[in-house]
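A quick write-up on the structure given underneath.
The values are calculated or read from the model by the stated rules, or taken from the named source; none is laboratory data. The structure displayed is predicted, hence computed values, not measured ones. Glycine gets a Cβ as well: all are built from the backbone with ideal geometry, and neighbour counts include every protein chain shown. For the accessible areas, the whole protein counts, side chains as well, though only heavy atoms, and no ligand, DNA or RNA atoms are used. Shrake-Rupley method; radii C 1.70, N 1.55, O 1.52, S 1.80 Å.
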Amino acid sequence: MITREASPAPTASPPAVQKTSATLVLGLGNILLTDEGAGVHVVNRLAQEHAARDDIEFMDGGTLSFTLAGAIVATDSLIVVDTAALGAEPGTIRVFEGDAMDHFVTTGPRSSVHEVSLSDLLAVTALEGLLPRRRALVGIQPLEMDWGDRPTTEVARAIPAACEAVMDIVKRWQS
């Protein structure tokens, strides 16, 4: 009887990526579908209000695609703003950080129409060993996601509070 021992597979180390110190605030959504564009509206407002800050990068992620993986792996601090099926009143905002974010995006109900889900995008970066160390999702409960170029009144009223939630996270992470 012949037995063979296989040599252990080489362990892959994550590729070297130069991480930026800036926090990436990524707004997701389709601004042509009423409340579905809430994340983009929040990021656009923040970008105008904080244009002079070089410690924060504001990005309109649209309806997501794997092309955003490069921006995500290049940061160690990621805040995503998007609609979320929270089972709450329209305009309700909830913040999920770290493992709570990971759990929500992988097991929570989906409310968006993105071509690639946030969980897919995070899974790709995790497989590469490059998931940002600090992660948060600022989720906004939508009322409707039908054709329309602006959010419903309920979600529009929530945009300033969502902006404040984002900036509170940034401040806490930087202290």
Exercise. Report the residue count in segment 30-69 for those that are among the small types (Gly, Ala, Ser), open to solvent by less than 10 Å² (accessible area, probe 1.4 Å) and over 25 Å from TRP173 (Cα atoms).
Key: 1
Quiz item: Give me the pairs: first residue in segment 79-93 and without any contact (Cβ under 8 Å) to a residue 40 or more places away in the chain, second residue assigned to a strand (DSSP E or B) and of a type in the set (Ser, Thr, Tyr), beta-carbon distance under 7 Å, and six or more apart or on different chains, which are they?
Solution: none
Quiz item: In the list LEU78, LEU122, LEU130, which residue meets the criterion of being open to solvent by less than 20 Å² (accessible area, probe 1.4 Å), in a strand (DSSP E or B) and not acidic (Asp, Glu)?
Solution: LEU78
Quiz prompt | Count - residues of segment 19-45 that are of a type in the set (D, E, K, R) and part of a loop (DSSP other than H, G, I, E, B) | solution = 1
